[in-house]
Amino acid sequence: MHVQRRRDEHVHDDKFGREQHRQQRRQTSLLANPPPRADRASVATGTERGRQRPTHHYTAGVGATIRARFHLPLHSSPPASASLLDHGSFVRFWAARLAAVFAYQMQAVAVGWQIYALTGSVFDLGLVGLAQFLPSLALLLVVGHVADRYDRRRIVGLCQLIEGGAAVLLAVLSASGRINEHAIFTLIAVIGAARAFEMPTQQTLLPSLVPSRLLSRAVAANATAGQTAIVLGPALGGLLYIAGPATVYGLCAVLFLVASGLSASLRIERKPPHRDPPTLATLFAGIAFIRRQRALLGAISLDLFAVLLGGAAALFPVYARDILHTGPWGLGLLRSAPAIGALATAAWLAHHPLQRRAGAMMFGGVAVFGVATIVFGLSRSFALSLAALVVLGTADMVSVVVRQSLVQLRTPDAMRGRVSAVNSMFIGASNQLGEFESGVTAAWFGTVPSVVIGGIGTLLVVALWMRMFRELVHVDAIDAERESISGPPGDGKRPANPRH
């Protein structure tokens, strides 16, 4: 056979060893005409026609000579795919996130309705959100350090398993008629603690699942999964609630368990981050790192104060009943409208990532968010209010994608858990404290003035942040950013000279 003849010529006929020119011609022939698959298999197994093959050193030597002679890379690999669907671990990650957020949204609807049915207290509805936020605040420093020290896949899978177990308990207690508000608050706090670990850890997995050039597209696709669940989850939960809360909780448990299995099955081909011993300095390292990265600090704080001032979701029931006069069905549409705009934007950005002026686009998105909030606050038309909220969700998603991409790209792998924990806490604070702020200002100034003041406050924050964080304004292509400052994904190296 072709490979066998070449080896025999080399081993038994020393005239070819003296004629270097002829040897190079044979090497060129091997490049142009590789042996058939069967011959390659026989070489790999080391046998042919019952004879023991020589050692592989000749093959390795020829390969090295050929690569050196023709300036070829030492290790060849198939061309990287430009499609996220070709990355199996990302597909499983995406499906796990979709299932988990679907379950969480359905569960939130069921818990809210059940609490209100049991107590009739609006204050108790607020305690549901507080029970979920306080664990994330209390565990902020520990969460990030755990995410940086241990297997992130197992952390996410275990958290989703705990959430599924809590959903099972809610289903059993509801079906048996022994449910009460104290049991619900306790289980919701357990879920809040699990999510405090799950959310920042889950965010840190993305850079290890896709090439750096696909990261912003993966962030947008990940946001698409979340927004899809936010749009459809509450509707499905409300529909299933007709059959009873136990039905909703039972399906939530199944979805959480499916998500847990998918998360645990992810394959990450990289070395684990170096595990520094826990100290007070390492616990605060996430906050210290964000303070040093001006563009990152600007992006996270801009989102915090914009949503804190401009968020109006807490007042949607007042608008639905007293201002737009639509009733409960209108309230459902008002809550879905921002997610619809965000979903459409995330789907678009997944296929058309921002190529230039990403920082300026983020500021523009937050400014549009503020204007849309003002329009919604002044509107007396249900159609105009829905349109304003769709635009609001669209603008907010532009800001979310840029911010999330910067968090991943500007943060070395060994720090991502702690930085993502701080980022997640800021997001939770903006949502929960934003609802509290809306209620307080509405009590002081009235519902409509409260929303309008919040929108104006968002615009003032944009103007102030553009002067304070010029590094963020000048951020350009977020895909190119990683290539220039941090090398391959998951390498665990801190960028030497980050470009702001």
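Laboratory data are not the source of any read-out in this text; all were calculated from the coordinates shown. Since this is a predicted model, take the numbers as computed values, not measurements. Cβ: placed from backbone, ideal geometry, glycine included. Neighbour counts: every protein chain shown.
Summary table
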item: Highest average packing first - 390-396, 210-216, Cβ atoms within 10 Å; result: 390-396, 210-216
item: HN-Hα J in Hz across segment 196-205 - Karplus 6.51, -1.76, 1.60, θ = phi - 60°, x for Gly and Pro; result: 4, 7, 5, 5, x, 5, 4, 5, 6, 6
item: Footprinting exposure proxy for H352, H474 (fewest neighbouring C-beta atoms within 10 Å first); result: H352, H474
item: Integer Hz, Karplus 6.51/-1.76/1.60 couplings in order for segment 403-410, x for Gly and Pro; result: 4, 5, 5, 5, 4, 6, 6, 7
item: Burial order of peptide ranges 157-164, 195-202, 375-382 (average beta-carbon count within 10 Å, highest first); result: 195-202, 157-164, 375-382
item: Karplus-derived HN-Hα couplings along segment 339-351 (A = 6.51, B = -1.76, C = 1.60, θ = phi - 60°), whole Hz, x at Gly and Pro; result: 5, 5, x, 5, 5, 4, 5, 5, 5, 5, 5, 5, 9
item: Area projected by the alpha carbon convex hull of segment 89-274, averaged over all directions, nm²; result: 10.4 nm²
